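The values are calculated or read from the model by the stated rules, or taken from the named source; none is laboratory data. Computed from a predicted structure; not experimentally measured. A quick note on method: Cβ atoms are made from the backbone with ideal geometry, for glycine too, and the neighbour counts reach across all protein chains shown. SASA here: full protein model, heavy atoms, side chains in, ligands and nucleic acids out. Shrake-Rupley method; radii C 1.70, N 1.55, O 1.52, S 1.80 Å.
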Amino acid sequence: MGGVQYSKIAEIKGPLVIVDDVENAAFDELVEVETSEGEKRLGKVLEVGNGKAIVQVFEGTTGLSISGTKAKFVGKVMEMPVSKEVLGRVFDGLGRPKDGLPDPIADKFIDINGEPMNPEQREYPKDFIQTGVSVIDGMITLVRGQKLPIFSGSGMSHNLLAAQIARQASVVGTGDDFAVVFAAIGVQYSEAEYFRRSLEESGALKRSVLFLNTADDPAIERIITPRVALTVAEYLAFELGMHVLVILTDMTNYAEALREISAAREEVPGRKGYPGYLYTDLSTVYERAGKLNGRKGSVTQVPILSMPSDDITHPIPDLTGYITEGQVVLGRDLFRKGVYPPINILMSLSRLMKDGIGEGSTRADHSEVSNQVYDAYSRAQEVRALAGIVGKAGLTEIDLKYMDVGDAFENEFLTQATDSNRTIEETLEILWDIVSKLPKNEITKIKDKYIDQYYKGK
Amino acid sequence: MASNPELEQAIDKVTSRTGDSLLLELASSGAECKKTLDDLIPKLELEYDRIISDGRKEADKIEKQLVGGADLAARNKELMALEEAVDRVFADALAKISAADHSALTESLLDEATKTLGTTEVVVSTNENSHSIVKSALSKFPGAKMSPENIKCLGGIVAKSKDGSMTFDNTIDARIGRMKPLIRKEIASKFGVGI
């Protein structure tokens, strides 16, 4: 049984408190750390042995002293109270109400570390989610139960995109309930406020749950934020049968917090100082997405991470890419051109797209028209590079057509207002407008029957 | 003035030719106008459809915003009212607990505390009312001592190891604190919430 309070603090090191003469403490056990002024902070046991317990304090150790600090081992792991009431609520990074309302009346208390999904029980994701963002719906389609990260860079418009997806995302063609769980990890106050207001003003807040850890909140709290968010998401999905979209932004801040703890524990650093278990740790977050056989709901994840120096080989995007099912990459060039959303489709991919589109989910010609536009845009990029050397005058007529296609793709398809919510039909129409700028003999990836039906050129 | 038939003929010819050409031009302009208008009809229809569809989208957006906002405001008021009711029940229950006699509980609370701390060599504190009851129960716990100072609580005890490094709070207040989320759920279910 827990509940014993210890007052022998051996050491305070970074975000860690080392407690002496501890008996019967358990790994991951919740700890209430009390300062000499009576302020209570939460933490968890990272390591136990030789009568010592290493406690990671979520709210940081600033102001703690060895003499006045007490640590009470609660006897259980950290749990999140969940019920349907959490919808429409705003919580802080540790799952405490931040909207002035009382704690939710819990239907259940669930361990925030979650239970691993039985691989045998997993159902292959194959149902389309409409985000209302043409480039995602049309060319990097998101399906229910998928984990599709957005790789961004410092200062780019990933937060605008995240908020737009959260406002607009829906499941098409079913009456199933849809919810959004939004976890802001180490974002600026203004960004957190933007997310909250944006969901509130669009009426989407009532089907959303927000977890806000702002930049001035303790960094260590960021380890917990995605876990409490995913706990709520799993409850809504697998207990209440809802389709839940989880947006985690910014996972780079999560990895930084992990590095901070690792450094304080004097662990052998891996690449760029991140712990060697970064891959394993990230997988404990990302793998909490999917669908279960015989259950109605699903958890779909869109983690957002900003790549330091736009470096896609950085350990965070690199390891994330190994775990997730594709990636959406934001391009600095497009961002500088003023294109929103600045998604570089040539570097982006949704590995599960092929199973979520086509007849019965979007439209029979979806896959082919998307492939054709992808191919044409890729050719347009080559032509642009060539034009940079030989000049536009040196290009053939067909090269010039591809340049037009590239421009049309960026200006008419990619570019979209932040409040524009396009249906999949509208998206496919624009794709056909672009394809129709090419002569028919250049269209090699679409069946004739679809060309006859949708081609708009002369 | 004498008439000049040749001149009149020439004038008639010019007038009739000019009239014909004017009529032709008017007919061609008319046809052109009709064609332009005909060509514009599908565009107009498209534009009309677009405006209607944009309008519908905007209306949907505003409806969602208004309905969503109103739903949330109503739900939040309900939550606050429920919390107020739960707090009232809680306060009443605490008042009844503080007036109750906990002497029968004292021994089991002491037993639980010493087992949790792993020793009976403890210093025990309690409130003024329970002081004598706890003191007499201590004889069953070898090495246990009574703290000279009383604490403020509804009942129960706080046990501290003799070196002061371990404390176990087994007061009624602490026990209620530990169980509070479950008790809230229980009270709320009596109001028909969360069943």
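Assorted remarks:
- Calculated mean residue ellipticity at 222 nm for the protein assembly as shown: -14000 deg cm²/dmol, from DSSP H runs with n ≥ 4 weighted as -39500 (n - 2.57), summed, divided by the residue count and rounded to 500.
- Ordered from longest to shortest, the equivalent ellipsoid semi-axes for chain A are 46, 24, 18 Å, each the square root of 5 times a Cα gyration tensor eigenvalue.
- Longest site-free stretch - chain B; sites: trypsin sites (Lys or Arg not before Pro), DSSP loop, at most 15 other Cβ within 10 Å: B:1-151
- For region A:104-254: rounded, prolate or oblate by the Cα gyration tensor [a/c cutoff 1.5]: rounded
- DSSP-defined antiparallel bridges as percent of all bridges, chain A, nearest 5: 60
- Ranked from largest to smallest solvent-accessible area, with a 1.4 Å probe on the protein heavy atoms, A:LYS354, A:LYS458 come out as A:LYS458, A:LYS354.
- Lysine pair count for region A:58-215 with Cα-Cα distance under 22 Å and sequence separation of 8 or more or different chains is 8.
- Among B:THR120, B:THR106, B:THR18, the largest mean-square fluctuation in a Gaussian network model of chain B, built with springs joining Cα atoms closer than 10 Å, belongs to B:THR18.
- About its Cα centre, region B:11-160 has a charge dipole of approximately 620 debye under the convention of +1 per Lys or Arg Cβ and -1 per Asp or Glu Cβ, with nothing else charged.
- Each Lys and Arg contributes +1 and each Asp and Glu -1, all at the Cβ; summed about the Cα centre of region B:127-195, the dipole is approximately 200 debye.
- Loop GluC sites (Glu not before Pro), region A:236-279, which have at most 10 other Cβ atoms in a 10 Å radius of their Cβ (DSSP): A:GLU266
- Size of region A:1-68 as Cα extents on the principal axes (Å, biggest first): 27, 21, 18
- Total accessible surface hidden between B and A, rounded to 100 Å², 1.4 Å probe: 2500
- Virtual paramagnetic centre 7 Å along Cα→Cβ of B:VAL123, amide N under 20 Å, in region B:149-175: B:149-153, B:156-171
- Cα lying deepest toward the dipole's positive end in the protein assembly as shown, options A:LEU230, A:ILE430, A:PRO342, charges on Cβ: A:LEU230
- Part-to-part distance (alpha-carbon centres) for region A:51-121 and region B:130-147, which is given in Å: 37
- Number of partner chain Cβ atoms within 10 Å, mean per residue of A:102-108: 6
- Overall Cα dimensions of region A:85-164 - principal axes, largest extent first, Å: 42, 40, 22
- Note on region B:1-37 and region A:351-398: Cα centroid distance 58 Å, given to the nearest whole angstrom.
- Across B:ASP12, B:ASP71, B:ASP49, mean-square fluctuation computed from a Gaussian network of chain B (C-alpha pairs under 10 Å connected) peaks at B:ASP12.
- For chain B, built as a Gaussian network whose Cα springs stay under 10 Å, the top-fluctuating residue of B:VAL158, B:VAL14, B:VAL89: B:VAL14
- Kyte-Doolittle mean at least -0.5 and Cα axial length at least 27 Å: DSSP H helices in chain A: A:366-390
- Gyration tensor (alpha-carbon) shape descriptor, region B:41-195, a/c threshold 1.5: prolate
- Overall dimensions of region A:228-344 by Cα: Rg and Dmax, Å: 16.3, 47
- Counting only other chain Cβ atoms within 10 Å of each residue's Cβ, the peptide B:161-172 averages 4.
- Residues of the protein assembly as shown: accessible area per residue with a 1.4 Å probe, Å²: 48
- Of the Cα atoms belonging to region B:1-89, the radius of gyration and Dmax stand at 37.2, 125 Å.
- Carbon plus sulfur fraction of accessible area for region A:1-97, probe 1.4 Å, in percent: 47
- Members of region A:1-35 that become less accessible by 20 Å² or more once partner protein chains are added (1.4 angstrom probe, chain alone as reference): A:MET1, A:GLY3, A:VAL4, A:GLN5, A:TYR6, A:SER7, A:LYS8, A:GLU23
- Cross-link pairs A:LYS291/A:LYS354; B:LYS34/B:LYS61; A:LYS401/A:LYS445; B:LYS115/B:LYS135; A:LYS40/A:LYS296; A:LYS447/B:LYS34 - those with Cα-Cα distance over 29 Å: B:LYS34/B:LYS61; A:LYS40/A:LYS296; A:LYS447/B:LYS34
- Taking Cα centre as origin and charging only the Cβ of basic (Lys, Arg, +1) and acidic (Asp, Glu, -1) residues, the dipole magnitude of the protein assembly as shown rounds to 1320 debye.
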